[in-house]
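Novice: Sharing a structure here in structure tokens format.
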Amino acid sequence: MRKPVDSIDTDDLVGTIRRHGNRSLVPTGLDVISEVLVKVRGKVPRSEACDGPLVSSLPPPSFRSSSQLSSSHGPVFAKVNRREGAGGWSPLVSDSYQWLEVDLERRTQITAVATQGRYGSSDWLTAYLLMFSDTGHNWRQHRQEDSLGAFPGNSNADTVVQYKLDQPVIARYLRLIPLDWNPTGRIGLRLEIYGCRYTSDVANFDGSSSLVFRLSIRPSRTATETIALKFKTMKNSGTLLHAEGQRDHSLSLVLEKGRLLLYHQQVSVAVTFTDPRSFLQLSGLTSWSSEVVAVALQFRTWNRAGLLLTFDLPRPESTVRLYLSEARLRLQIDRAGRATLELSAGSGLNDGQWHAVELISGPDCLSITVDKDEGATAHTSVPLPLTADIQLFFGGCPEQSGRGCTNPFHTFQGCMRLLTLDDRTVDLMKVQQRLLGNYSHLQMDICGIIDRCSPSHCEHGGRCSQSWSNFHCNCSTSGYRGATCHSSTYEQSCEAYKHKGNTSGHYYIDVDGSGPIRPRLIYCNMTEDRAWMVIQHNNTEVTRVHPSPEQHQHSAHFHYAPEEAQLAAIISQSEHCEQELSYRCRKSRLLNTPENFWNAAFFDKETSYLHFPTFNGELNADISFLFKTTSSSGVFLENLGIKDFIRIELSSSSAVVFSLDVGNGPLEVRVESSVPLNDSRWHSVRAERNVKEASLRVDQLPAATQEAPAEGHVHLRLNSQLFIGGTASRQKGFLGCIRSLQLNGVTLDLEERAKITPGVRPGCPGHCGSYGALCRNQGRCVERTSAFSCDCAQSAYTGAFCHEEVAASFKSTMSVAYILRPPHELSSNGSVPPPSVHSDTSPRGENVSLSFRTLQSPALLLYADSLDREYLALLINRHDGLELRYKLHSSRDVEVLASGVTSLADGRLHTVSIGRRADAVSVQIDQNAREDFNLSSDVEFSSIKSLVLGRVPGSYELDTELAELASLGFTGCLSAVRFDSVSPLKAALLHPDGDVVVVTGPLVQSSCGSSSPAKTHTAETTHSLSDQPGSADPGQPLVNAIRSDSALIGGLIAVVIFVTASALAIMARFVCSRKETYRSRDVKAAQPDDGGGQEFPASGRADSQVAPGDNRKEYFI
């Protein structure tokens, strides 16, 4: 029953429980309170020395056992170094159901246990379990490190083996259960317990500790029984007092949400079903000939499925099974020759809590009820005629049961108590003594269920679920991966994405890897020499400054979306940071830090190493780094403990090994590569260890995993220094480079430590060997001190990897002239000469490439001339075919090379590549076959004066036919124009202020060179923290949200912008026409000329998140 009390505060309170005569707060079955258990918060003082022997002075009644071989083998003789009787205790049968129990007569602090075999025999234990109790029942198993339950025993009958407990245990009763013994003998034991008396006047409790008081049992009860206590707490819930009586009744005084509640319940004995061979068999009752039959029990489990009860009915022939499936209670009745009957009730019954089940069969009805909830009751009109000769099987079936027990489901793993047949509670202590029923592989008088999710080993918000022997972490919405959601799915910087070949775009960045900071969506600006992380704030509008007369200053607040910890981590790992505010008159640059992605060290001796403080990764550890070497073996990393260790090494030219020991013996994870790893190229290594498994991944090879023992040690205890590139165990050190070494998301500063360490040099050269292939389109990889970059000077492309086309839309009046004069003509005035067009080729040949898109024919694409009145012209003829005209000698006629590919003026993008070596000319258009031509003679094309794109100015001396064609200009799109090492269009767009480029008309960079109008330079994918693992590549930029809600919002915004822009355009046109305002030269040039012509508009990006452009003045990098 419950009696609620008013809410309390944190002042001292006095709680009183009284019983007056026959008027009691509890049923009269609680005649005499024999034991009081108090459990609140705090800790108990300990004495300085607590290692005295406790067993030697105990009287004979303090010893009990499951059985004894004879009177001379009784438990009273189980004292260390004693020879009375048969020299120790031995049970009647040597099996795992035997036990020896010691009553220490009062609650005692136990610090160690010692065992010895039976004197003068071959009987001793080799392994055992320890159980503790304050009451003599409801035993709790002692586990070292909350996982290891077995204790090592003896190797002979005489040696005393002592085992000190990691943490002292406070208990009155100790029970030792043999697990294994000498195979040539039997169970034999002498025992000693070490500790001290447990006393405390004032007790503070931490929520898991408790005190037990034994009250004198009086033969008669008094009129009033009182228990009083005073408590003070800051918590609103907890058990204050638990009292037990002689008739298995108890009282509990509980604080729940600031209210005092009094509970009464009956004390019960629990039994644990541990493995698939566990079962409990009971016979039916003689009273079951009556019309109403009831079977009830309570259970708790973590498993979603398992058999609770099964029995056969002879008339009619049928089988009844009560079981769990999908965490619901189900009743199944298989009837011979008839349809199977099924009932279900309850849900979520695998929560580890006690649940009550009741099966009631009447004359014309059958029902099952869960937790006495009317809403969780199922009924049927089919009765169950139970009789006395029925055998009930709980939890499972015997291995050789024959007819009478079949189990098509999983066996039950969990605890049961309060088994009731009709109104009679089954005495499980008689079952343990083999006086009632039959059983196998059960733990009696204990509920051995373990909560593996409290505390949870799942990190970063991963959801923990568990079964009887294991736990699982659901990482699907966390942004992390691994057995415990420890490792981040995303990279830690834009630099890391760049080295995977990714271009500019939005990416999720996890700045501290496996640390506590959450991933953040950040724009990565991949430039030719750097990868910038660009973070926006909320104050990008122009702000007028009005300083006050008193302070002469202006205050502005800038709020960045990332949290302060994220910003601090981004700054700390950056090579260079800028916070730029644009003013009308000046700029301010703040913040500069030295750390970077390339933090590296070079080990040039096998005996050299770097050392750091001890690595702290007791339960979870992740280690990642990159290495480059020509050596076939070497140790990357090692940290030792007294017995534990962790090590990563290159064991051969194609294998990396991750080995560790946490007390269960060495565990090794190996990854074999099909290609050599000592090829002087960068290779990545990532090792992770948690309480469930150890894993290793090298480059993009499949990860190798080794599971940890389910009931083994879990804490990795290290105490030596952490060695990098070498070892303390005399193994071969590492020769080569290690960079970007991170332990649990923290970057170790290898360069700073290398500066003061002999045999190790900071930094590491030779990055182009690994990353040079990322530079495309004639881009050149350039080595830097601690990085690489792509030099696009000789390429017609731009961008971080020379991958972005440089394109522009032309009108018929526009032209680009790139002036090229030989160096000797400029030597007289000392000017710096422009790049030579033949700097990388011979005058007897040239390489020309470009892409174009047009509807115009004929049209001149490119014109090159020399001081000797020689020229090269690339054009589209009147038949929409490509034509190449050479005049390489003033006294010879023009040679025309016409391609067989036609229909080039179709508005599609076409790519042309031309190569000449002496008199041999090759032409390739798109993916068509290469066409080969020959000139009439081998002539040099030297002293090139200029390159012209678009309309050729009238000052050029051209042939009549070519002059007519050149006057038409070009209308369309040109991109990626390259003449040997010169890119005239790129120079005109990106460096228009130079003296070598002459531009006529409003030339503006465009994306018209894309293969399709809708294509952008990056892949358009969406990825968020809520995506399932593997649903999207985290290395892809996030530039286009494709969810329906985003599309709807984007559509509405587009409509609003279009209507607004149209209205503004009409108003501006009206105002301008009324006031006769002038138009700028660029606007005039943008108007179509008289001849007409089609302009190919630039295809804009489809990014849903606008990338910061050059015109944005407020940004944080």
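The values are calculated or read from the model by the stated rules, or taken from the named source; none is laboratory data. The structure presented is a predicted model; accordingly, all values stated were derived computationally and were not measured. When we count neighbours, we look across all protein chains shown, and the Cβ atoms used for this are built from the backbone with ideal geometry, even at glycine. Just the protein is used for accessible areas: all its heavy atoms, side chains included, with ligands, DNA and RNA removed. Shrake-Rupley method; radii C 1.70, N 1.55, O 1.52, S 1.80 Å.
Novice: Which is at pLDDT 80 or above and touching a His at 6+ places or on another chain (Cβ under 7 Å), of Phe852, Phe801?
Specialist: Just a single option satisfies the conditions, and that option is Phe852.
Novice: Let me ask another. State which residue is most open to solvent (accessible area, probe 1.4 Å) when the search covers only the stretch 887-912 and only residues that are touching a residue at least 60 places away in the same chain (Cβ under 8 Å) and more than 25 Å from Leu958 (Cβ to Cβ).
Specialist: Thr911
Novice: Do any strands (runs of 3 or more DSSP E) lying entirely in the stretch 391-473 carry at least 2 residues that are among the basic types (Lys, Arg) and out of contact with any helix residue (DSSP H, G or I) (no Cβ under 9 Å at 6 or more places or on another chain), and which ones are they?
Specialist: Correct list: empty, since no element meets the threshold.
Novice: Of everything in the stretch 518-536, what is part of a loop (DSSP other than H, G, I, E, B) and at pLDDT 85 or above? Give them in sequence order.
Specialist: Arg518, Pro519 - these are the residues of the stretch 518-536 that are part of a loop (DSSP other than H, G, I, E, B) and at pLDDT 85 or above.
Novice: Looking only at the stretch 435-455, which residues are without any contact (Cβ under 8 Å) to a residue 12 or more places away in the chain and touching a Ser or Thr at 6+ places or on another chain (Cβ under 9 Å)?
Specialist: Passing the criteria: only Ile450.
Novice: Here's a follow-up. Hey, can you tell me all the residues within the stretch 172-207 that are over 30 Å from Ser70 (Cβ atoms), over 41 Å from the mean Cα position of the chain (by Cα) and buried (at least 17 other Cβ atoms within 10 Å of the Cβ)?
Specialist: Result: Gly195, Cys196, Tyr198.
Novice: Kindly indicate whether Val982 is modelled with pLDDT under 85 and β-branched (Val, Ile, Thr).
Specialist: So Val982 does not fit the description; no.
Novice: Also, I was wondering about something else. Those residues that are surrounded by fewer than 22 Cβ atoms within 10 Å (Cβ to Cβ) and part of a loop (DSSP other than H, G, I, E, B), I need them from the stretch 65-81; list them, please.
Specialist: Ser66, Ser67, Gln68, Leu69, Ser70, Gly74, Val80, Asn81
Novice: Every residue in the stretch 928-944 that is surrounded by 14 or more Cβ atoms within 10 Å (Cβ to Cβ) and either in a loop (DSSP other than H, G, I, E, B) or among the basic types (Lys, Arg) (or both), please.
Specialist: Once the filter is applied, which keeps residues that are surrounded by 14 or more Cβ atoms within 10 Å (Cβ to Cβ) and either in a loop (DSSP other than H, G, I, E, B) or among the basic types (Lys, Arg) (or both), the stretch 928-944 yields Leu935, Val939, Glu940, Phe941, Ser942, Ser943.
Novice: Next question. Is it fair to say Leu359 is assigned by the TED database to the domain that holds Pro398, open to solvent by less than 30 Å² (accessible area, probe 1.4 Å) and more than 20 Å from Leu386 (Cα to Cα)? Give the steps one after another, and end with the answer.
Specialist: Values: assigned by the TED database to the domain that holds Pro398: yes; open to solvent by less than 30 Å² (accessible area, probe 1.4 Å): yes; more than 20 Å from Leu386 (Cα to Cα): no.
No, not satisfied.
Novice: Take the residues in the stretch 332-359 that are among the aliphatic types (A, V, I, L, M), modelled with pLDDT of 85 or more and more than 15 Å from Phe412 (Cα to Cα); name whichever of them is nearest to the chain's Cα centre (by Cα).
Specialist: Ala345
Novice: Name the single residue that is nearest to Ser684 (Cα to Cα) among those in the stretch 716-734 being open to solvent by 50 Å² or more (accessible area, probe 1.4 Å) and either of a type outside the set (Gly, Ala, Ser) or not assigned by the TED database to the domain that holds Ser632 (or both).
Specialist: Looking at the filtered set, the residue picked out is Lys732.
Novice: Test Ser121 against the criterion of being within 27 Å of Phe279 (Cβ to Cβ), touching a residue at least 12 places away in the same chain (Cβ under 8 Å) and open to solvent by 10 Å² or more (accessible area, probe 1.4 Å), and give yes or no.
Specialist: Considered against the rule, which asks whether it is within 27 Å of Phe279 (Cβ to Cβ), touching a residue at least 12 places away in the same chain (Cβ under 8 Å) and open to solvent by 10 Å² or more (accessible area, probe 1.4 Å), Ser121 comes out as no.
Novice: Tell me the residue from Thr115, Thr135, Thr126 that is open to solvent by 10 Å² or more (accessible area, probe 1.4 Å) and within 18 Å of Glu192 (Cα to Cα), please.
Specialist: Thr126
Novice: Collect the residues in the stretch 747-786 that are at pLDDT below 85 and of a type in the set (A, V, I, L, M), keeping them in residue-number order.
Specialist: Once the filter is applied, which keeps residues that are at pLDDT below 85 and of a type in the set (A, V, I, L, M), the stretch 747-786 yields Ala773, Leu774, Val782.
Novice: Give the residues of the stretch 899-912 that are among the aliphatic types (A, V, I, L, M) and outside any strand (DSSP E or B), sorted by residue number.
Specialist: Hits for the stretch 899-912 are Val901, Leu904, Ala905, Leu909.
Novice: Would you please name the residue that is least open to solvent (accessible area, probe 1.4 Å), looking only at residues in the stretch 913-927 that are assigned to a strand (DSSP E or B) and of a type in the set (D, E, K, R)? Spell out the reasoning first.
Specialist: So the first thing to find is which residues in the stretch 913-927 are assigned to a strand (DSSP E or B), and the list is 913-917, 920-925.
Going one step further and asking which of them are of a type in the set (D, E, K, R), we end up with 916-917.
Working: Arg916: 0, Arg917: 128 Å².
Going through the qualifying residues, I end up with Arg916.
A quick yes/no check of all residues on (1) touching a Ser or Thr at 6+ places or on another chain (Cβ under 9 Å); (2) more than 27 Å from Gln492 (Cα to Cα):
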{"site": "Gly641", "(1), (2)": "yes, yes"}
{"site": "Ser653", "(1), (2)": "yes, yes"}
{"site": "Gly665", "(1), (2)": "no, yes"}
{"site": "Trp682", "(1), (2)": "yes, no"}
{"site": "Glu707", "(1), (2)": "no, yes"}
